[in-house]
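Since every read-out is calculated from the coordinates, none of them should be taken as a lab result. In this text, all values refer to a predicted model and were calculated from it rather than measured experimentally. Cβ placement follows ideal geometry from the backbone for every residue including glycine, while neighbour counts extend to all protein chains displayed.
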Amino acid sequence: MAQLTWSSERTVKGAGAPRTTTSAPRMRKIERRHQLLDVAAALLADEDVKTVTMERIAERAGVSKALPYAHFDNAEHLLVNLYQRTSVALGESVWTALESAEPGDDLAHVWTQAHFRCGATQGVVFEALIRPGSAVPAKANRDGGGELFVGRLLHRYFGVDRAHADVISGVVLGAFLGASHVWLRAEPPRPTIERAVAELIRALVDTAPRCDVHDHDSRSNAQ
């Protein structure tokens, strides 16, 4: 993958002849954060998670060694933020797919297909972030946001009672994470993984108490 370059040249006036130095262009804070996350993702794609250090990120981004620390506490904190950004993309993909589903569609399968289709676009970056033994997923979900999102999907689209949806959301989230580990080892094929997770979702939904029809706006139940 081509190295990301964000540098520009400037002339520094001082004693004697002017000299040219290289510095990163000024960016808004949110733009700079995303730039540093992009650089980390590129490092993960090109090399290995162990190479993602604050110094290496600064070098590849063309910024001072101190600048990454203005946005992230350390390399692990940066990777947690990268994982959270990836999770948001996955969530948006799933939400859009379920919103676009036709009446009668197998929503559990729609869900799993959207999840793994988006995960495939992340490639080795996603694999590095969720590798076995990585503390990144747990630290990225300390506030339970993942379970809350999954619970909302179960309630909205599958009609599961809200309280019960919150209970089984952790099981569903864990299934996706575990299935992703297996899938990224290229065994078995993705469609097999998608069907397996969809079957689990359907089984959990089938045995879950349903909310009153006026208490949710799901478009159809799981097949």
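Structure above, values below:
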read-out	value
Proxy reagent accessibility, fewest Cβ within 10 Å first, across Val150, Val110	Val110, Val150
Which of His181, His109 has the fewest Cβ neighbours within 10 Å, and the rest in rising order	His181, His109
Full-stretch length increase - Ser134, Ala196 - with 0.36 nm per residue and alpha-carbon distance subtracted	19.9 nm
Inter-label distance for Asp143 and Arg210, nm, one decimal - labels placed 7 Å from Cα along Cα-to-Cβ	3.4 nm
Whichever aspartates and glutamates have a C-alpha closer than 15 Å to that of Lys50, once near sequence neighbours (fewer than 8 apart) are set aside	Glu76, Glu127
Computed lengthening from Asn74 to Asp105, 0.36 nm per intervening residue step minus Cα-Cα distance	6.7 nm
FRET E, pair His34, Lys65, Förster distance 30 Å, beta-carbon r, rounded to 0.05	0.95
Dipole axis of the range 87-223 (+1 Lys, Arg; -1 Asp, Glu on Cβ), positive-most option in Ser93, Leu153, Phe126	Phe126
Cα-centred dipole magnitude for the range 27-72, charges only on beta-carbon of K, R (+1) and D, E (-1), debye, nearest 20	300 debye
Relative contact order (percent, whole number), the range 87-215, Cα cutoff 8 Å, 6+ residue spacing	28 percent
Fewest-first sequence of Trp95, Trp183 by Cβ atoms within 10 Å of each Cβ	Trp95, Trp183
Cα centre as origin, Lys/Arg/Asp/Glu Cβ charges: the range 87-215 dipole, Debye	480 debye
Cα gyration tensor category, rounded, prolate or oblate, for the range 78-202 with a/c compared to 1.5	oblate
